[in-house]
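Accompanying notes for the structure given below.
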Amino acid sequence: MNQPSSPRPSVGLLVTCLVDLLRPNIGFAAMKLLHEAGCDIEVPSQTCCGQPSYNSGDLETTKNIARQVIDQFEFFDYVVVPSGSCAGMLIKHYPKLFEAEPKYRNRAIELASRTRELVSFLVDDIGYRVPARRLNVRVTYHDSCAGLRELGIKGEPRSLLESIETLELTEMSDSEVCCGFGGTFCVKYGDISARMVSEKIASIEATSADFVLGGDLGCLLNIAGCLSRVGSKIAVYHVAEVASDMIASGPIGKDAGST
Amino acid sequence: MDSKAHKFRENAKVALLDPDLQRALGKARGGFVDARTQAFSCLDRHAEIQDAAKQIKDHTLSVLDEYLVLFEKNVNKVGGKVHWARTPAEARKIVLDICDDVDARRIIKGKSMVSEEIALNYALETAGYDVVETDLGEYIIQLAGEPPSHIIAPAVHKTRQQITDLFHKHHSRLGLKERVTDIPDIVNEARLVLREAFLSADVGITGANFLVAETGSSVIVTNEGNGDLTNTLPGVHIVTTSIEKVIPTLEDLSGILRLLARNGTGQEITSYTTLSTGPRRTGDKDGPSQYHVVLLDNGRSEMLAGEFKEMLRCIRCGACLNHCPVYGAVGGHSYGWVYSGPMGAVLTPLMVGLDGTKDLPNACTLNGRCAEVCPMSIPLPDLLRKIRVRQNEERITSVRARWFMKAWGFLACKPHLYGWCLRILAWLLSWLWGKPHILRLLPFVHEWTATREFPKSQGFTFQSAYRKAPNSHE
Ligand code: SF4
């Protein structure tokens, strides 16, 4: 593994296709946090990590996309991703994808070793603490599946949030149960997904939190869509938006304005 | 049982709207999960035990043929007989021939998923035998004329009220006219009815949770003791089971047993663990005079040789079903065949064919909770993805879906073009927000907006904004 070459590690930000399209604010929030954490950030030209085709069984398409990601991102000390499932794709699945292609396999393994989910990178690799920020809210946290089970992210977002003194974190029941997003699953099996997310929002509402936070925009869109349908007042944000205090533009799914 | 897996979508729709089913599922879901957590909270060295169990299975599977031959040799040694069945039809024929040979009339059964896999009850009943299931759950669904909806709790989809009604309907003609509503009364009434069957049966059929090669024993774990009566009272005991159930030694058995019940029902061990080793020996006080083991393949050899080998480690504990949020929402019958939940979504396509089981591997968010709890560390989401790859290769995936992926993939490999398309899309999505009459017309969007609000996008993409002002965060 390459050690960071300078005291300021170079970070390639893989912003993810969903953030790029639907919630640029999360990308800017990630940049603010990484900047505060002392990183040199670059945003290479990018599209998607390839999960949609990978999970649909189209390996050829996935490999084409993955090769491009490897080509673009392998020069950084770290590749940082504000999403557990996209980070998991690079870390856990790219090496498997190229099992039969030694050249790309080695590069994929190398890239995987330097890829991090945003919050775990800030907390575990950098030891970042949120600078004095006041945010008088009660929040609850949903553990998105890939971050939790593929990357073992559980304590990191909580410790990041706990470093905001005035913020109160209350746990929902079954925070580790899937919200029913599942990429294309939520539109292929809309009714099953709807049942799953309605159970998730019941757990969320029982906490009487002001905000529900998470680390994956897909899940957050799903939760936000369902919360607004039932007329809930609970606002949805990516954990990075709250940690960076970039919530002025309104919660996910609602009118977000500009950054 | 004919597969109805091709109707998964319709089945699931009905299931989601069935209040009785939802009540039953809701109750089971919480119960099983809590019981498992509790059971493991007082087991030291969980990871170590699990790892050892996985190694036992991996080792056995690496030389499965040798252990199967050893098992057969030891069954012969104690006076039993092993029958090899490549297909469900062969297995059915073997059982029918044995029953015919001994002029059987009444057959009692302990729970056996392999017997469900080969649709044995239907074959026996069609041949004129009187067949009675003796496991309470199996008995209930036999009365209801339904297949099991869970591998360890076949009637988990039934509410107590429904069972009361079923018993009343079927037992009234036996003179039991009172409606039983409490669980102990329900159990007692079943006992009363089944006692007669136990005493008058000619053949007892059970499954096997394990086969022990070194002793030639078949092992069943139960909580009701019905299995013991089924394999000792009738003159003939037939075990319907499959080739991957064999393990080398009794020592191995005791290791794996520490995981089975804890993962399934949350018990440390089931009430009964019964080893059957051959027919009655001289001097034995009871036991059958014939002992047959029917070993089914049904696609397992092919799995053993290919990329789904790991699935053969499955010990049918049921933990993956209990922890699956999709199973918890739609129940076992939606899957349309014998096995359901995550393990069923892998096994059914491999056993009944990829055609007609298209939805099973796809109706999953790949959330990974199944693999997390599986005592045999079976990477279920990876296996589901592998089936999706096969579906794609064999063009079972719809043309529309395949072309959509190809077109999207083409675009995703052209960052510049993709960037422009995304910008237009971001603008379009923000324009569409608040226009439900147009949104409704777009493919897939309706599936989302039926129960969720369409999200407001910011109207521009991250990359376009960033390229305009790369240092805005500083
Ligand atoms: S796949 Fe694993 S969890 Fe599911 S039944 Fe088999 S052993 Fe149990």
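For labels at B:HIS170 and B:ASP20 in the simple 7 Å Cα→Cβ model, what's the distance in nm?
It works out to 1.4 nm between the two label points.
Output the peptides A:199-212, B:22-35 sorted from most to least packed, where packing is the average of other Cβ atoms within 10 Å over each peptide's residues.
Highest to lowest by the protection proxy: A:199-212, B:22-35.
Under the rule of -39500 (n - 2.57) per DSSP H run of 4 or more residues, summed and divided by the residues of the protein assembly as shown, what mean residue ellipticity at 222 nm is obtained, to the nearest 500 deg cm²/dmol?
-14000 deg cm²/dmol
Name the most mobile residue of A:LEU217, A:LEU118, A:LEU148, meaning the one with the largest mean-square fluctuation, in a Gaussian network model of chain A with Cα contacts below 10 Å.
Result for chain A, Cα springs under 10 Å: A:LEU148 fluctuates most.
In units of 2.2 N^0.38 Å, what is the alpha-carbon radius of gyration of the stretch A:25-77? Could you put the intermediate results ahead of the total?
Numbers: Rg = 13.9 Å, N = 53, 2.2 N^0.38 = 9.9 Å.
Dividing the Cα radius of gyration by 2.2 N^0.38 Å gives 1.40.
Per residue, how much accessible surface does chain B expose to a 1.4 Å probe? Answer in Å², no decimals.
Spelled out: the 1.4 Å probe surface of chain B, per residue, equals 44 Å².
Mind checking which of B:TRP433, B:ALA450, B:GLN463 is farthest towards the positive end of the stretch B:412-468's charge dipole, using Cβ charges of +1 (Lys, Arg) and -1 (Asp, Glu) about the Cα centre?
Of the options given, the answer is B:GLN463.
What residues qualify as long-range amide H neighbours of B:VAL293, i.e. H under 5 Å apart, gap of 5 or more or another chain, H built at 1.01 Å from N?
Residues meeting the criterion, in which the H sits 1.01 Å from N, are B:LYS81, B:VAL82, B:HIS83, B:VAL239.
Ignoring any ligand, DNA or RNA, what whole percent of the accessible area of chain B comes from carbon and sulfur when the probe is 1.4 angstrom?
C and S atoms contribute 55 percent here.
So which lysines can A:LYS254 reach, going by Cα to Cα under 25 Å and dropping same-chain residues fewer than 8 places off?
Output for A:LYS254: A:LYS32, A:LYS188, A:LYS200, A:LYS233, B:LYS435, B:LYS456, B:LYS468.
On a 0 to 90 degree scale, rounded to 10, what angle separates helix A:102-113 from the longest Cα axis of chain A?
Result, in degrees: 40.
On each of the three principal axes of the Cα atoms of the stretch B:377-470, give max minus min coordinate, whole Å, ordered largest first.
Sorted from largest, the Cα extents of the stretch B:377-470 read 45, 35, 32 Å.
Scan the stretch B:284-384 for GluC sites (Glu not before Pro) in coil per DSSP, keeping those whose Cβ has at most 14 other Cβ atoms within 10 Å, and list them by number.
Passing sites in the stretch B:284-384 are B:GLU307.
Per residue of B:320-330, count partner chain C-beta atoms within 10 Å of its C-beta, then hand back the mean as an integer.
On the way: counts 0, 0, 0, 1, 1, 13, 9, 0, 4, 10, 4.
The per-residue average across the peptide is 4.
Return the Cα extents of the stretch A:129-243 along principal axes one, two and three, sorted largest first, each rounded to a whole Å.
Rounded to whole Å, the extents work out to 44, 33, 21 Å.
Using a Cα-Cα cut-off of under 17 Å, which lysines could be cross-linked to B:LYS177, ignoring same-chain neighbours fewer than 8 residues away?
B:LYS169
Using a Cα-Cα cut-off of under 16 Å, which lysines could be cross-linked to B:LYS93, ignoring same-chain neighbours fewer than 8 residues away?
Cα-Cα hits under 16 Å: B:LYS81.
Enumerate the residues in the stretch A:66-85 having an amide nitrogen under 18 Å from the point lying 7 Å beyond the Cα of A:SER45 toward its Cβ.
Counting backbone N atoms under 18 Å from the label point, the list is A:66-76.
Give me the tail of P(r) for the protein assembly as shown as a percent: Cα-Cα pairs with distance above 44 Å.
30
Tell me which residues come under 5 Å, amide H to amide H, from B:LYS456 once H is placed; ignore anything under 5 positions away on its chain.
Hits under the 5 Å cutoff: A:GLY253, A:LYS254.
Keeping every protein chain present and rolling a 1.4 Å probe, give me the accessible area per residue for the stretch A:10-124 in Å². Don't skip to the answer; put the middle values down first.
Working: 3180 Å² over 115 residues.
Per residue, the stretch A:10-124 has 28 Å² of solvent-accessible surface.
In Å² (nearest 100), what accessible area is buried between A and B, both sides summed, heavy protein atoms only, 1.4 Å probe? Before the final figure, lay out each step's value.
Working: alone 11610 and 23930 Å², together 29640 Å².
Protein heavy atoms only, the A-B interface buries about 5900 Å².
Taking beta carbons within 10 Å but only from partner chains, what does the mean come to for residues A:9-22?
Across A:9-22, the average partner-chain Cβ count within 10 Å equals 4.
Within 10 Å of each Cβ in A:57-70, how many Cβ atoms from other chains are there, averaged over the peptide?
Values: counts 17, 12, 5, 5, 10, 4, 1, 4, 4, 0, 1, 4, 1, 0.
Taking all residues of A:57-70 together, the mean is 5.
For the stretch A:10-124, compute Rh as the Kirkwood radius over C-alpha pairs and then the Stokes-Einstein diffusion coefficient at 20 °C and 1.002 mPa s; write the answer in µm²/s, rounded to an integer. Intermediate values should be presented prior to the final figure.
Working: Rh = 14.0 Å.
Here the translational diffusion coefficient equals 153 µm²/s.
Determine the distance separating the Cα centre of the stretch B:108-136 from the Cα centre of the stretch B:428-472; give it in Å without decimals.
55
So how strong a dipole does chain B carry about its Cα centre when Lys and Arg Cβ are +1 and Asp and Glu Cβ are -1, to the nearest 20 debye? Please report the intermediate quantities before stating the final value.
Details: 57 positive and 54 negative charges, 464 e Å.
That gives chain B a dipole magnitude of about 2220 debye.
If amide H atoms are built 1.01 Å from N in the plane of the peptide, which residues on other chains or at least 5 residues away come under 5 Å of the amide H of A:ARG138?
Long-range HN contacts for A:ARG138: A:GLU168, A:ASP210, A:PHE211.
Determine the gain in length on full extension of the stretch B:VAL187-B:ALA89; use 0.36 nm per residue of separation and subtract their C-alpha separation, reporting nm with one decimal.
31.8 nm
Using a Förster distance of 60 angstrom, determine the FRET efficiency expected from the C-beta separation of B:GLU251 and A:VAL187, and round it to 0.05.
Working from the Cβ atoms, E equals 0.75.
Evaluate the charge dipole of the stretch A:129-243 about its Cα centre and quote only its size in Debye, nearest 20, assuming +1 on the Cβ of each Lys and Arg and -1 on the Cβ of each Asp and Glu.
That gives a dipole near 220 debye.
For chain B, list the DSSP H helices whose alpha carbon atoms reach 18 Å or more along the long axis and whose average Kyte-Doolittle value is 0.5 or above?
Those that pass (Cα extent of 18 Å or more, hydropathy at least 0.5) are B:183-200, B:415-432.
Sorted by mean Cβ packing within 10 Å, highest first, what order do the peptides B:440-453, B:111-124 take?
B:111-124, B:440-453
The values are calculated or read from the model by the stated rules, or taken from the named source; none is laboratory data. Just so it is clear, the model here is predicted, and its values are computed rather than measured. Note: ideal-geometry Cβ built from the backbone for every residue, glycine included; neighbour counts use all protein chains shown. The protein model used for the area step is the full one, side chains on, heavy atoms only, and it has no ligands, DNA or RNA in it. Shrake-Rupley method; radii C 1.70, N 1.55, O 1.52, S 1.80 Å.
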